[in-house]
Amino acid sequence: MKVKICGIRTIEAAQHAVQCGTNALGFVFAASKRKITALEAKKIIEALPEHVWKAGVFVNEDAATIKKIAETAGLTHIQLHGDENPDDYRSTGLPLIKAVSVKSPEDLEKIDTIRADYILLDSPPEEYRGGNGSRFEWDLAKAIGKSKGNIILAGGLDPGNISEAIAKVNPFMVDVSSGVETNGEKDLAKINDFINNAKKEREEV
């Protein structure tokens, strides 16, 4: 099971997540309490190994701006978390992750029309487009990962429920932000527990 820790803002949290075995880190460039600048992200990314994904999270940003931020920060993937059409962002030259808010079976039916490298299933937006700590009904996406090999599961995941989420959805990757935080800051112990529980679940399956 591959794991992405999102909303990274410090070198300490990033390096700890890598040591625990994370496969990807997310940096938020949209309106969020976890927003980071391109130069701040660059300092963190320069301290990380090459094999780890460095995904930039954007909401309805134009492609030219995203490309500039990606080049400055050293991003390897682009996560589109708004109302974007991924076809408009091919010019960034990086793999695209498109977030889909899941409220009903109809939302999952739209996935087949989205031309992105990865599909991220998330709970419906609240104050922000993502990272709100709420989950959607996993039964809606039951075992969708068995039919599609590019599903990333997000939304309300934490060390305590990750095993159940993986068992139901069977995603390619799981993505967590608020679920590994305490008082709004990344909690190193929770990061460790989340990654261990996620990878253990896949081994048992």
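The values are calculated or read from the model by the stated rules, or taken from the named source; none is laboratory data. Not measured: the values here are computed from a predicted model. Virtual Cβ from ideal backbone geometry, glycine too; neighbours counted across all protein chains shown.
Among the residues of segment 61-91 satisfying the criterion of being among the polar types (S, T, N, Q) and closer than 21 Å to residue 154 by Cβ, which is surrounded by the fewest Cβ atoms within 10 Å (Cβ to Cβ)? Here the answer is 85.
Taking (1) touching a Gly at 6+ places or on another chain (Cβ under 8 Å); (2) hydrophobic (A, V, I, L, M, F, W, C); (3) buried (at least 23 other Cβ atoms within 10 Å of the Cβ) in turn, residue 180 satisfies each apart from (1). Scan segment 135-162 for residues that are of a type in the set (Asp, Glu) and surrounded by fewer than 16 Cβ atoms within 10 Å (Cβ to Cβ) and the total you get is 2.
For segment 130-161, a tally of residues being in contact with an Asp or Glu (Cβ under 7 Å, 6 or more places away or on another chain) and either among the β-branched types (Val, Ile, Thr) or farther than 19 Å from residue 27 by Cα (or both) returns 4. Of everything listed in (1) under 23 Å from residue 193 (Cα atoms); (2) free of Cβ contacts under 8 Å to residues at least 40 places away in the same chain; (3) surrounded by 21 or more Cβ atoms within 10 Å (Cβ to Cβ), the single unmet condition for residue 52 is (3). Residues in segment 159-170 that are free of Cβ contacts under 8 Å to residues at least 60 places away in the same chain, more than 13 Å from residue 136 (Cβ to Cβ) and in contact with a strand residue (DSSP E or B) (Cβ under 7 Å, 6 or more places away or on another chain): 1 in all.
Exactly one residue out of 115, 135 is more than 22 Å from residue 190 (Cβ to Cβ), assigned to a loop (DSSP other than H, G, I, E, B) and without any contact (Cβ under 8 Å) to a residue 60 or more places away in the chain: that is 115. Residues of segment 164-204 being within 11 Å of residue 5 (Cα to Cα), assigned to a helix (DSSP H, G or I) and polar (S, T, N, Q), which ones? 178, 192 - these are the residues of segment 164-204 that are within 11 Å of residue 5 (Cα to Cα), assigned to a helix (DSSP H, G or I) and polar (S, T, N, Q). Looking across segment 146-191, the residues that are of a type in the set (A, V, I, L, M), at pLDDT 95 or above and over 17 Å from the mean Cα position of the chain (by Cα) come down to 188, 189. When every residue of segment 52-61 is checked against the conditions, at least one turns out to be at pLDDT 95 or above, touching a strand residue (DSSP E or B) at 6+ places or on another chain (Cβ under 7 Å), among the small types (Gly, Ala, Ser) and on the phi < 0 side of the Ramachandran plot.
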